[in-house]
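Q: One structure is given below, represented as structure tokens, and several questions about it will come after.
Nothing in this text is a laboratory measurement; each read-out follows from the coordinates by a stated rule. All figures in this text were calculated on a predicted structure; none of them were measured in a lab. Methodologically, a virtual Cβ is constructed for each residue, glycine included, from the backbone with ideal geometry; neighbour enumeration extends over all protein chains shown.
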Amino acid sequence: MDDHQFRRLLDHLGLSWTGYRKVRKGVKKRVSRHMLALNCSNMAGYLHEIDKSKEALDECERLMTVSISRFFRDKKLWDLLSDEMLPGLIEQHPEKILVWSAGCACGEEVYSLKILWDALEPSDARLPELDITATDMNPTTLERARNGIYPASSLKEVPEELRARYFHPEDGGKDFRIKESLKKGLHWRAHNLLAGTLESQFQIIFMRNNLLTYYHDEKKRVALKNVLRCLGAGGFLIIGSHETLPSEVSELHDYGSLSYIFQKQESAGSSTFSASG
Ligand SMILES: C[S@@+](CC[C@H](N)C(=O)[O-])C[C@H]1O[C@@H](n2cnc3c(N)ncnc32)[C@H](O)[C@@H]1O
């Protein structure tokens with residue numbers, strides 16, 4: 001499949017060439033296999049096929065997902081979370097803190113948070129309950145997340161002390177299994193960010209390195225609306241360190257020195273988009 005054909009597919013699906021450019025080799029390979037399985041010899045035939053069959057479209061969209069991640073990706077974020085954001089939230093929400101990892105891939109971000117949480121040592125009080133909902137549209141990555149086994153390369157930013165405490169080496173150190181106790185309080189769920197929202201009001205939503213990178217603007221807006229609807233007042237939205245929000249998003253303000261953390265205004269209503277959005 002050449003780039004011209006690939007770009008046709010991206011446009012058809014509302015996906016962004018800028019986002020996919022660097023990762024296109026592997027994605028093209030997966031889609032080419034799917035084209036072969038459907039007996040499609042060219043892109044026009046394939047687009048026709050995915051338009052007429054929901055099953056073929058679902059499979060194509062699953063094959064287009066990119067699950068690259070690693071533990072403690074963007075170290076500055078995790079430092080700020082443990083030094084400032086989590087202690088503040090613990091004070092404000094002493095009973096329960098609700099977190100959503102939207103587009104969680106194989107769970108690296110989710111378990112990173114659990115490790116941080118576990119490592120917090122409250123000096124005088126008990127910690128609130130930490131309740132994490134982790135969603136992804138790709139059931140294969142969710143299954144991997146549930147299993148919690150990772151290649152050593154995913155752990156390259158995990159400090160040695162935490163690696164020893166929270167992971168068990170398997171297969172001679174080729175893979176690492178997450179400590180079983182970290183799986184408590186996690187709800188893994190298949191969910192497409194374009195299809196609807198969740199019921200809760202979360203104190204933190206991670207929405208990193210997925211729709212803001214890989215989607216066209218129109219789809220970003222749809223998904224963002226769904227996501228921001230369930231960010232509680234005063235809650236944090238964390239996006240990828242190379243991502244930006246569409247300019248018309250209102251009722252969020254920058255938080256701290258990192259350009260990819262936002263906080264919802266305390267008095268924010270239900271709409272987080274300005275009239276033009
Ligand atoms: C590159 S990974 C990012 C993982 C993690 N958030 C991080 O930053 O390390 C992107 C994930 O987003 C998921 N994703 C992409 N579009 C989605 C959508 N519309 N709804 C739900 N998940 C989506 C993909 O399946 C993939 O697992």
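Q: Which of 155, 80, 252 moves most in a GNM of the chain, Cα contacts under 10 Å?
A: Taking springs between Cα atoms under 10 Å, the residue moving most is 80.
Q: Mind telling me which of 40, 104, 230 comes out most flexible in a GNM of the chain, alpha-carbon contacts under 10 Å?
A: Maximum among the listed residues: 40.
Q: Which of these, 264, 184, 219, has the largest mean-square fluctuation under a Gaussian network model of the chain (Cα springs below 10 Å)?
A: 184
Q: Pairs of Cα atoms under 8 Å, at least six residues apart: use those to get the relative contact order of segment 69-190, whole percent.
A: 32
Q: If you take every DSSP beta bridge fully contained in the chain, what fraction is antiparallel? Give it as a percent rounded to 5. Spell out each step's value before the answer.
A: Working: 15 of 35 bridges.
Around 45 percent antiparallel, to the nearest 5.
Q: Quickly estimate the mean residue ellipticity at 222 nm for the chain, helices only: each DSSP H run with n ≥ 4 gives -39500 (n - 2.57), and the total goes over all residues, rounded to 500.
A: Working: 12 runs with 107 residues, N = 277.
The helix-only estimate for the chain comes to -11000 deg cm²/dmol at 222 nm.
Q: Using alpha-carbon pairs under 8 Å, 6+ residues apart, how would you state the relative contact order of segment 1-59 in percent?
A: Computed over segment 1-59, the figure is 29 percent.
Q: Enumerate by residue number the GluC sites (Glu not before Pro) in segment 152-205 meeting two conditions: DSSP loop (anything except H, G, I, E, B), and at most 15 other Cβ atoms within 10 Å of the site's Cβ.
A: Details: sites: 157, 160, 161, 170, 180, 199; in loops: 157, 199.
Here the sparse-neighbourhood loop sites are 157, 199.
Q: Turning to a different aspect of this structure: Please compute the alpha carbon radius of gyration of the chain, then divide it by the globular-protein estimate 2.2 N^0.38 Å. Two decimals is fine. Let's see the in-between values first.
A: On the way: Rg = 19.7 Å, N = 277, 2.2 N^0.38 = 18.6 Å.
Compactness ratio reported: 1.06.
Q: Return the distance in nm (one decimal) between the two label points of a simple spin-label model at residue 200 and residue 161, each offset 7 Å from Cα along Cα→Cβ.
A: 2.9
Q: Right, something else. If R₀ is 25 angstrom, what is the calculated FRET efficiency for the pair residue 3 and residue 38, using the beta carbon separation as r and rounding to 0.05?
A: Details: r = 21 Å, r/R0 = 0.85.
That pair, residue 3 with residue 38, gives E of 0.75.
Q: Run through segment 137-178 and list the trypsin sites (Lys or Arg not before Pro) located in a DSSP loop whose Cβ has at most 12 other Cβ atoms within 10 Å.
A: Of the trypsin sites (Lys or Arg not before Pro), the ones in loops of segment 137-178 whose Cβ has at most 12 other Cβ atoms within 10 Å are 156, 174.
Q: Mind checking which lysines have their C-alpha under 22 Å from residue 22, skipping anything on the same chain fewer than 8 residues away?
A: Cross-link targets: 156, 219, 220.
Q: Sticking with this structure for a sec: Starting from the Cα of residue 62, move 7 Å in the Cα-to-Cβ direction to define the label point; list residues of segment 12-48 whose amide nitrogen is under 13 Å from there.
A: 34
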